[in-house]
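The values are calculated or read from the model by the stated rules, or taken from the named source; none is laboratory data. Remember, it's a predicted structure, so these values are computed and weren't measured experimentally. Methodologically, a virtual Cβ is constructed for each residue, glycine included, from the backbone with ideal geometry; neighbour enumeration extends over all protein chains shown.
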Amino acid sequence: MARSFSFFVSLLAFWLLLSGMFTPFLILAGVGCSAAIVLMSRRMDLVDREGHPIHLAWSALLSYWPWLAGEIVKSAWDVTRRILSPSLPISPTLVEFVPSQQTDLGLVIHANSITLTPGTIAVEVDHGAFLVHALTREGAAGLAGSEMDRRCSALESR
């Protein structure tokens, strides 16, 4: 029940954020739509540990997201330097490595984190291997056994 309530509150907050208007009709419409989505999701058995991972909220908010934001900024700076300075080489590379995550949620978090980081994109994701395109060989070499892999595994185990 706590997951359903948390899901409802998340949907309603998203509705209000996107609408930007707080008239009684729109608030009631948001409540109705959010409740309908929660009911349909419960009926399809989607409000579970992986469908709405509220157990990750605080640990991810306090430790993982700030670290990932820093990595995104560092990677964006590197890509920007390479674009603006033709003397800096690019060496597009496909690399395959084995992630350490065990659950689908952990694999999704890791693959999305790779894709959010400029200069890299997860091309193919499977339980046994990730195929990642990187802008440079140095970026590709740093993927296997990386800090991101370790942090995603730590986040997954919570």
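Observations on the structure shown:
Each row is one residue, and each column tells you yes or no for (1) free of Cβ contacts under 8 Å to residues at least 40 places away in the same chain; (2) buried (at least 18 other Cβ atoms within 10 Å of the Cβ); (3) among the basic types (Lys, Arg).
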{"site": "VAL98", "(1), (2), (3)": "no, no, no"}
{"site": "GLN101", "(1), (2), (3)": "no, yes, no"}
{"site": "ILE109", "(1), (2), (3)": "no, yes, no"}
{"site": "ALA129", "(1), (2), (3)": "yes, no, no"}
{"site": "LEU135", "(1), (2), (3)": "no, yes, no"}
{"site": "CYS152", "(1), (2), (3)": "no, yes, no"}
{"site": "SER157", "(1), (2), (3)": "yes, no, no"}
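- Taken together, the criteria place TRP58 among residues that are out of contact with any Ser or Thr (no Cβ under 7 Å at 6 or more places or on another chain), at pLDDT below 85 and of a type outside the set (Asp, Glu).
- The helices (runs of 4 or more DSSP H) located wholly in the stretch 70-158 that include 2 or more residues which are closer than 30 Å to ASP48 by Cβ occupy 104-116, 147-156.
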